[in-house]
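To keep things clear, I will list the structure first and then write my remarks on it.
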Amino acid sequence: MRITALALLAFVLAVAPATARPTAIVSMGDSFISGEGGRWLGNGSEPFGTRSGTDRAAYDCGALGCEYDPARIYGSSEANDCHRSDVAPIVSAPIEVAEKVNLACSGAKARDLWPRDEGGTAHFGEPPEADQLAVVARRDDVRMVVMTVGANDVGFGGLVAECAVDWARSPEGEEATCHRDAEAHIRAALPAATRGLTAALHGVRRTLRAAGYARSDYRLVAMGYASPFPEGRWFRYPEDGWDRLTEGGCPVWNADADWAADRATVDLAEALRSAAAATGAEYLDLTNAFDGHQLCDRRAERVGSGGPSPLRAEWFRRLSFTQGSTRESLHPNAYGQKVMGQCLGLLYERPRGDHACTDTPGEWLAGVHLEGVR
C-alpha cells in the first residue's frame with residue numbers, strides 16, 4: 001500500500017515533539033528589584049573621576065576626569081528612568097534558564113502591576129507589568145516570577161526624605177525626629193497597600209492561567225525589602241556635626257534609623273507576607289540580608305584609594321546630590337543587588353515555602369544563606 005506525501009506529513013507532525021520554548025524567570029515591581037542604584041560599587045570617598053573606582057558609568061578617564069554614561073549600566077531603561085541594571089537581582093541570580101526578564105520599573109506602585117483590564121495603569125510610558133508578563137508567558141516557559149512592590153504605595157521614600165530634613169534643621173538635644181509621624185502614616189496606608197499587593201499577585205496568577213499555565217508549572221515569590229540604614233547604635237558618624245550628610249550620606253537621627261530598620265521594614269514585610277499567604281505565593285524575607293553593610297554602618301567603610309571590595313563596602317547607595325542621579329540614593333548598589341540575586345538562586349533550589357535570606361559577617365556571596373520562616 002502506498003503512503004501519500006500528505007499522509008506522511010500528517011503522521012510526522014502528529015508524532016514529532018512540540019518545539020520547546022526557552023525557560024525564563026521574571027521580576028516585577030519597583031526600584032528595589034528593578035536595579036536602581038546598580039551603577040555603584042560601594043560609596044567612594046573621591047568626588048570626581050571614577051569616585052574611588054565605584055562609578056561603573058565612568059569611562060575615558062584621563063587627567064581632566066571621566067565621561068559618564070549611565071546607559072552602560074541601565075541600558076535603554078535609562079531613557080525612561082525605569083533603571084533596570086545589568087546586575088539587577090533577576091539578572092544576577094545563579095539560575096540556569098535561557099531568559100532572565102526584568103519588567104520591574106523604578107517608581108512603580110502596585111496598581112502599575114495589575115492587568116490593564118483589571119485597572120492596571122501604565123508607568124513611565126510602559127504598559128502595566130502584568131500585560132508585559134503576558135507577552136513573556138506566551139513566548140517563554142516561565143519558571144518563576146518574583147515581585148517586590150509596596151514601598152511607593154505607603155510613601156516610604158518621601159518619609160525618609162522628611163527624616164533627613166528633620167535631621168538637618170534641628171540640633172542635637174533638640175532633635176526633630178520623624179519616626180512617630182512616619183509610622184502613623186505607614187500604618188494608615190498599609191491596609192490599602194496590602195489590598196493592592198494582593199491584587200497584583202492575583203493578577204500574575206490570572207495572567208499565567210490565561211497563558212495556559214497551571215500553578216504547579218511556576219513559582220510565584222513576593223520578595224521583601226531591607227532598610228538602607230542600620231540601627232542607630234551601629235552608625236560610625238556622630239549625630240552632631242555634618243559628617244552624616246557630607247561624609248556618609250545618611251542624614252538621620254538614631255531614633256529615625258531605628259524606625260527604618262526595625263519598624264518600617266517590618267511593616268512592609270508584614271504586608272508582603274500577608275499578600276503572599278492570600279494568593280498561595282512564597283515569601284522571601286530580606287530584612288537581615290544586608291546586616292553589617294548598610295549606610296554608615298561602622299562594620300563597613302567608605303571606599304578609599306584601595307578601591308572597592310564587597311567584603312568591606314556598603315551595599316546601599318548613599319544619599320547624594322552631586323554624583324549620579326538622586327533617584328539612585330538609598331537603593332541597593334551593585335554589591336547589594338548581587339546579594340539579592342544570590343538569595344533568589346538559593347530559593348530556587350529549595351522546595352516551595354517561605355524563607356529569610358541573611359548574610360554572614362566578613363563574607364560576601366559565599367556567606368549568603370536561607371533560613372525557614374514559620
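The values are calculated or read from the model by the stated rules, or taken from the named source; none is laboratory data. Everything numeric here is computed off the predicted structure, so don't read it as measured data. Cβ placement follows ideal geometry from the backbone for every residue including glycine, while neighbour counts extend to all protein chains displayed. Quick note on the areas: whole protein, heavy atoms, side chains included, nothing else; ligands and nucleic acids left out. Shrake-Rupley method; radii C 1.70, N 1.55, O 1.52, S 1.80 Å.
Treating only the Cβ atoms of Lys and Arg (+1) and Asp and Glu (-1) as charged, compute the dipole magnitude of the chain about its Cα centre; round to the nearest 20 debye. Walk me through the numbers before you get to the answer.
Numbers: 39 positive and 51 negative charges, 343 e Å.
Roughly 1640 debye for the chain.
The overall shape of the range 16-163, judged from the alpha-carbon gyration tensor, is oblate: a/c is not under 1.5, and a/b is no greater than b/c. Rounded to the nearest 20, the size of the Cβ-charge dipole of the range 14-122 about its Cα centre is 240 debye, with Lys and Arg at +1 and Asp and Glu at -1.
Spacing of the modelled spin labels on residue 180 and residue 168, each 7 Å from Cα toward Cβ, amounts to 2.4 nm. Computed from Cα atoms, the angle from the helix 179-210 axis to the main principal axis of the chain rounds to 10 degrees.
Express in % the proportion of alpha carbon pairs of the range 188-319 at distances exceeding 24 Å. Walk me through the numbers before you get to the answer.
Details: 3904 of 8646 pairs.
Value for the range 188-319 (Cα pairs over 24 Å): 45 percent.
The HN-Hα couplings worked out from phi for the range 94-110 by the Karplus form 6.51 cos²θ - 1.76 cosθ + 1.60 (θ = phi - 60°) are x, 10, 7, 9, 6, 10, 10, 10, 9, 9, 5, 9, 4, x, 5, 10, 4 Hz, whole numbers, x standing for Gly and Pro. Note that the range 65-161 presents 39 Å² accessible area per residue, ligands and nucleic acids not counted, probe 1.4 Å.
Where a ≥ b ≥ c are the square roots of the eigenvalues of the C-alpha gyration tensor, would you call the chain rounded, which needs a/c under 1.5, or, failing that, prolate if a/b is larger than b/c, or oblate? Note, shape of the chain comes out prolate. Rolling a 1.4 Å probe over the protein heavy atoms of the range 214-357, with every protein chain left in place, gives an accessible area that is 49 percent carbon and sulfur.
Using 0.36 nm per residue and subtracting the Cα-Cα separation, the extra length available between residue 322 and residue 233 on full extension is 29.2 nm. When both bridge partners sit in the chain, DSSP labels roughly 35% of those beta bridges antiparallel. Between the Cα long axis of helix 334-349 and the first principal axis of the chain there is an angle of about 40°, rounded to the nearest 10.
Does the range 291-348 come out rounded, prolate or oblate by the C-alpha gyration tensor, with a ≥ b ≥ c the root eigenvalues, rounded set by a/c under 1.5 and, if not, prolate when a/b is larger than b/c and oblate if not? Don't jump to the answer; show the numbers that get you there.
Values: a/c = 2.05, a/b = 1.35, b/c = 1.53.
Oblate shape, in that a/c is at least 1.5 and b/c is the bigger or equal ratio.
So what is the 222 nm mean residue ellipticity for the chain from helices alone, if each DSSP H run of at least 4 adds -39500 (n - 2.57) and you divide by all residues, rounding to the nearest 500 deg cm²/dmol? Theoretical 222 nm ellipticity from helices: -10000 deg cm²/dmol.
Backbone amide hydrogens, once placed in the peptide plane, bring residue 220 within less than 5 Å of 145, 282, excluding anything fewer than 5 places away on its chain. Here the spin labels are modelled as points 7 Å beyond Cα on the Cα-Cβ line, and at residue 188 and residue 270 they lie 1.8 nm apart.
Calculate what fraction, in whole %, of the accessible area of the range 49-133 sits on carbon and sulfur atoms when a 1.4 Å probe is rolled over the protein chains. Carbon with sulfur: 47 percent of the solvent-accessible area. For the range 295-374 versus the range 107-163, the spacing of their alpha-carbon centroids is 23 Å.
If you add up the charges near residue 166, with Lys and Arg at +1 and Asp and Glu at -1, over every other residue whose beta carbon is less than 13 angstrom from its beta carbon, what do you get? Mind showing how you got there, number by number?
Working: positive: 169, 180, 244; negative: 162, 172, 174, 175, 181, 239, 256.
So the surrounding residues net to -4.
Across the chain, the longest run free of exposed loop sites, meaning GluC sites (Glu not before Pro) lying outside DSSP classes H, G, I, E and B with no more than 13 other Cβ atoms within 10 Å, spans 175-362. To the nearest ten degrees, helix 156-169 and the longest principal axis of the Cα atoms of the chain are 10 degrees apart.
Count charges around residue 273 for me, please; just the other residues with Cβ under 14 Å from its Cβ, Lys/Arg as +1, Asp/Glu as -1. Could you put the intermediate results ahead of the total?
Working: positive: 374; negative: 267, 270, 282, 285, 354.
Computed value for this residue: -4.
Maximal additional length on extending the residue 20-residue 243 stretch stands at 74.6 nm, based on 0.36 nm per residue less the C-alpha distance.
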